[in-house]
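*Asks:* Would you mind keeping the following structure in view while I ask a few things?
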Amino acid sequence: MKEIGSSEEEIFSYLSSVREEDLTYDRILSSMCTRPHPVAIRAHMQFIETNLGDPGLFPGTMGLEDELIRMLGELFHHAGAGGYATSGGTESNIQALRIAKKQKSVDHPNVIIPASAHFSFDKACDMLGLEMRSVPLDANYRMDIDSVSNAVDARTAGIVSVVGTTEYGMIDPVREIGEIAGDNDIFFHVDAAFGGLVAPFLPKIAPWDFSIPSVSSISVDPHKMGMSTIPCGALLLRDPAAFGCLNVDTPYLTVKKECTLAGTRPGAPVAGAYAVLRYLGCEGLSAIVSGCMENTRRLIEGMEAFGYPRAVTPDVNVATFDCPITPSGWRVSRTRQGHMRTVQMPHVTRDVVESFLETIGESHA
Ligand code: PLP
């Protein structure tokens, strides 16, 4: 750090130049984040100094967090769900597995996760000393039900299913896997970090949320399809009391116990998420999801017309292709199997899709 501070002008001119090095979302098809909604940005700025790590100092913001959780709980068919706002899917998944582990007092516990699971589960299992039993997928990249049955044993502390897989956009057979979890009395976590704000607005969808009695917890990220400011995830539990096993004493704060992973927690993105979900309502979110799904279908149709077949028909707005080329100027990613992976986020409009297809057409020729 310099001895004498710099002028604002100098700093902001430097910041602008640095910011210009970043990509804009215009040509990014590889991200599960998007431009935040203007309403989210406005609310975020209004709550910029709030800290939910000491909620007694910010009772208003704490109330907003409760309202956010209540809205999400209602959307997931359980208004009485407990929860809190996390920094995103990774933290929510770690916390869910912490609870699963604490509820099962056995030596060498294991958790069963699909091979499609996000790498946050590798982190969680490493931190928690859990054996990660990764089970194979079926031909459509969904968690294979029989493999789950075969993997369960007396040391299984948790089963995880994914709603909206990161790589292929699939929804696992949550009801069937939930039956296995229910029959064996195993904590059942649904990672809907991406799909939690997509699935409720899809026209034909099998139950996947708290409407399935064995679902114990759900991760959902407003900072993905909720168009909220980063960082905003949420972990919801069917039984709010289950958070108690994570409590630690916090003697010098305004609350005497805390179950969260982070200490200092930003209230700003919580206000952002609350505001944008309230602003859009189910009708607005539904329109966004339907636009993203339409763009997904159009991209698949366009890619196939160039001879690049889909890897699978996705359940949510993630399209993957057997396509070795990477169109110049665009950001796409690759799945572990080598497929081209694209995500049709709200910034990936119909015009963006057409322009992407044009570049593909040029590379193809
Ligand atoms: N779970 C799923 C299904 C995801 O797709 C992601 C991120 O893409 C995560 C968890 C992790 O979320 P975050 O990056 O917000 O921690």
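*Asks:* If a residue must be in contact with a Ser or Thr (Cβ under 8 Å, 6 or more places away or on another chain) and in a helix (DSSP H, G or I), how many such residues does region 148-168 contain?
*Replies:* Count: 0.
*Asks:* Something else: Being crowded, with 19+ Cβ neighbours inside 10 Å and within 15 Å of LEU29 (Cα to Cα) is the filter here; which residues of region 282-301 pass it?
*Replies:* If the condition is that a residue be crowded, with 19+ Cβ neighbours inside 10 Å and within 15 Å of LEU29 (Cα to Cα), then CYS292, MET293, ASN295, THR296, LEU299, ILE300 are the ones that fit.
*Asks:* Which one is nearest to THR264 (Cα to Cα), of the residues in region 84-129 that are among the basic types (Lys, Arg) and more than 15 Å from the ligand (Cβ to nearest atom)?
*Replies:* Out of the qualifying residues, it is ARG98.
*Asks:* Quickly run through region 334-352 and pick out the residues that are open to solvent by less than 60 Å² (accessible area, probe 1.4 Å) and without any contact (Cβ under 8 Å) to a residue 12 or more places away in the chain.
*Replies:* GLY338
*Asks:* Quick check on my filter: what residues within region 130-168 are free of Cβ contacts under 8 Å to residues at least 60 places away in the same chain, within 15 Å of the ligand (Cβ to nearest atom), open to solvent by 30 Å² or more (accessible area, probe 1.4 Å) and closer than 29 Å to LEU29 by Cβ?
*Replies:* SER134, LEU137, ARG142
*Asks:* Pairs, please: C-beta under 6 Å, at least 6 apart or cross-chain, first residue within 16 Å of ILE300 (Cβ to Cβ) and in region 313-333, second among the aromatic types (Phe, Trp, Tyr) and surrounded by 14 or more Cβ atoms within 10 Å (Cβ to Cβ)?
*Replies:* THR320/TYR168; PHE321/TYR308; CYS323/TYR308
*Asks:* Continuing with this model, one more query. Please name all residue pairs, on different chains or six or more residues apart, with Cβ atoms under 8 Å, provided the first residue is in region 169-188 and is assigned to a helix (DSSP H, G or I) and the second residue is among the aromatic types (Phe, Trp, Tyr).
*Replies:* From residues that are assigned to a helix (DSSP H, G or I), the pairs are VAL174/TRP208; ARG175/TRP208; ILE177/PHE188; GLY178/PHE188; ALA181/PHE187; ALA181/PHE188; GLY182/PHE188.
*Asks:* On to the next question. Condition (residue is in the same structural domain as GLY195 (by TED's automatic domain parsing), away from the ligand (no atom under 16 Å from the Cβ) and of a type in the set (Gly, Ala, Ser)) applied to region 23-44: is it met by at least one residue?
*Replies:* yes
*Asks:* Got a sec? Which of TYR252, TYR279 is open to solvent by 20 Å² or more (accessible area, probe 1.4 Å), modelled with pLDDT under 95 and out of contact with any Leu (no Cβ under 7 Å at 6 or more places or on another chain)?
*Replies:* TYR252
*Asks:* Open to solvent by less than 40 Å² (accessible area, probe 1.4 Å), within 16 Å of the ligand (Cβ to nearest atom), in contact with a helix residue (DSSP H, G or I) (Cβ under 6 Å, 6 or more places away or on another chain) and free of Cβ contacts under 8 Å to residues at least 40 places away in the same chain: does that describe ILE212? Even if it seems obvious, please write down each step before you answer.
*Replies:* Values: open to solvent by less than 40 Å² (accessible area, probe 1.4 Å): yes; within 16 Å of the ligand (Cβ to nearest atom): no; in contact with a helix residue (DSSP H, G or I) (Cβ under 6 Å, 6 or more places away or on another chain): yes; free of Cβ contacts under 8 Å to residues at least 40 places away in the same chain: yes.
Against the criterion (open to solvent by less than 40 Å² (accessible area, probe 1.4 Å), within 16 Å of the ligand (Cβ to nearest atom), in contact with a helix residue (DSSP H, G or I) (Cβ under 6 Å, 6 or more places away or on another chain) and free of Cβ contacts under 8 Å to residues at least 40 places away in the same chain), ILE212 does not qualify.
The values are calculated or read from the model by the stated rules, or taken from the named source; none is laboratory data. Because the structure is a prediction, the values reported are computed rather than measured. Ideal geometry is used to build each Cβ from the backbone, glycine not excepted, and the neighbour counts take in all protein chains shown. Keep in mind that these areas ignore ligands, DNA and RNA; they rest on the heavy atoms of the full protein, side chains included. Shrake-Rupley method; radii C 1.70, N 1.55, O 1.52, S 1.80 Å.
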